[in-house]
Amino acid sequence: MPFSQAIEIVKRKGSKEQQARLGLILEESQDTSEIVKFLQDLQLPEGGFPYKRKPGNPYCLSPTSMMMKIMAETKLTTKPVCQRTLDFVKSIQHSQGYWDENPVLASYNPPFWDQPGQLVTQLWLTGAITDTLTRLGEGSSPEVKKARAFLLKYRREDGRFEGPLIVTWLAIAVLAPTRGFNDPIVQSALAILNQHTDWDATDLSWALECLYWAGAPKDDPVVQHLITALIALQRPEGHWLSSDDSDDIVSTTLQCLIVLKRFDRI
């Protein structure tokens, strides 16, 4: 099987939750119990997930959006853990349509992308939350509609969205489900991704994941270009490197395998 080294790394070194996700995407298993347990054990009483995924920390929307991605990936929309998350996230949207990080986190000295009250945080979080809400069947909700309108205010003439490049690929995922993948705004944002050259595996796999959920054709030239770039980043030992934690060779490797499977490369 192609990418057998990477698959073996996740099977040997991954957590029970990661191994279960791999089994699902490879169609070797349909068991989601370990994933549900992982989410339930980590979830805070109000429905969010803790900063740095550490029990006892206050909620943080960055890991919360990541857990929502896992819920969508593993089709857990009917599970109570998912509904609690949806209810919580929708309840804390600002009236202008954006999401902001938990103000309590300011005292934790978070990285710039988790700094509450900053536009860069609001832009990428709004994209991430709106994308995952859409994946979880909330694409027609008032919250998602307001968030789309908020993000469109920050589109530049060249097609890129304000903030780091992540906002642009999240905007594609947010806008394409209603506008269509061939919409001019979506296509101009896609062209920005095609021009970018300084990719790491974490960002590249996330961008491709968003294109998949946005309805990108599997033979789209930009998609194929990015997949080729992702494959080229695989290490000789079989894994992909994480941009967040050089010691973590499982998380990004699993994400790369998932997206390659989505686009029929595995």
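The values are calculated or read from the model by the stated rules, or taken from the named source; none is laboratory data. Just so it is clear, the model here is predicted, and its values are computed rather than measured. Positions of Cβ are backbone-derived with ideal geometry, glycine not excepted, and every protein chain shown enters the neighbour counts.
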Inset, instruction - Considering each of Thr134, Thr130 in turn, give the residue that is touching a residue at least 60 places away in the same chain (Cβ under 8 Å) and crowded, with 21+ Cβ neighbours inside 10 Å. - result: Thr134
Inset, instruction - Tell me, please, whether a residue that is among the aromatic types (Phe, Trp, Tyr) and under 16 Å from Arg148 (Cβ atoms) can be found in the range 112-124. - result: yes
Legend entry - Test for Lys37: is it basic (Lys, Arg), in a helix (DSSP H, G or I) and either in contact with a Cys (Cβ under 9 Å, 6 or more places away or on another chain) or crowded, with 18+ Cβ neighbours inside 10 Å (or both): no
Inset, instruction - Those residues that are closer than 19 Å to Leu125 by Cβ and part of a loop (DSSP other than H, G, I, E, B), I need them from the range 40-78; list them, please. - result: Gln43, Leu44, Glu46, Gly47, Gly48, Phe49, Asn57, Pro58, Cys60
Legend entry - Sole exception among (1) surrounded by fewer than 16 Cβ atoms within 10 Å (Cβ to Cβ); (2) closer than 15 Å to Leu254 by Cα; (3) free of Cβ contacts under 8 Å to residues at least 40 places away in the same chain for Met67, by number: (1)
Legend entry - Only one of Gln187, Gln224 that is free of Cβ contacts under 8 Å to residues at least 40 places away in the same chain, within 28 Å of Ala6 (Cα to Cα) and part of a helix (DSSP H, G or I): Gln224
Legend entry - Conditions (1) under 19 Å from the mean Cα position of the chain (by Cα); (2) surrounded by fewer than 17 Cβ atoms within 10 Å (Cβ to Cβ); (3) farther than 30 Å from Ile231 by Cβ; number of the one not met by Asp100: (2)
Inset, instruction - Return yes when Asp198 is without any contact (Cβ under 8 Å) to a residue 12 or more places away in the chain, surrounded by fewer than 14 Cβ atoms within 10 Å (Cβ to Cβ) and either charged (D, E, K, R) or assigned to a helix (DSSP H, G or I) (or both) and no when it is not. - result: yes
Legend entry - Residue in the range 134-152 that is within 23 Å of Thr74 (Cα to Cα) and touching a Cys at 6+ places or on another chain (Cβ under 9 Å) present: yes
Inset, instruction - Could you please tell me which pairs satisfy a Cβ distance under 6 Å, a separation of 6+ or placement on different chains, a first residue in the range 80-107 that is closer than 14 Å to Gly127 by Cα, and a second residue that is in a helix (DSSP H, G or I) and among the polar types (S, T, N, Q)? - result: Tyr98/Gln122; Tyr98/Thr126; Trp99/Thr126; Asp100/Gln122; Glu101/Thr121
Legend entry - Failed item, numbered, when Gln234 is tested on (1) part of a helix (DSSP H, G or I); (2) in contact (Cβ under 8 Å) with a residue 24 or more places away in the chain: (1)
Legend entry - In the range 206-223, the residues that are loosely packed, with under 14 Cβ neighbours inside 10 Å and either touching a helix residue (DSSP H, G or I) at 6+ places or on another chain (Cβ under 8 Å) or closer than 17 Å to Gln195 by Cα (or both): Pro217, Pro221
Inset, instruction - Scan the range 49-62 and give yes if some residue there is touching a Phe, Trp or Tyr at 6+ places or on another chain (Cβ under 6 Å), among the hydroxyl-bearing types (Ser, Thr, Tyr), modelled with pLDDT of 95 or more and within 16 Å of Gly163 (Cβ to Cβ), otherwise no. - result: no
Inset, instruction - Please verify whether the range 141-152 includes one or more residues that are of a type in the set (Phe, Trp, Tyr) and touching a Phe, Trp or Tyr at 6+ places or on another chain (Cβ under 6 Å). - result: yes
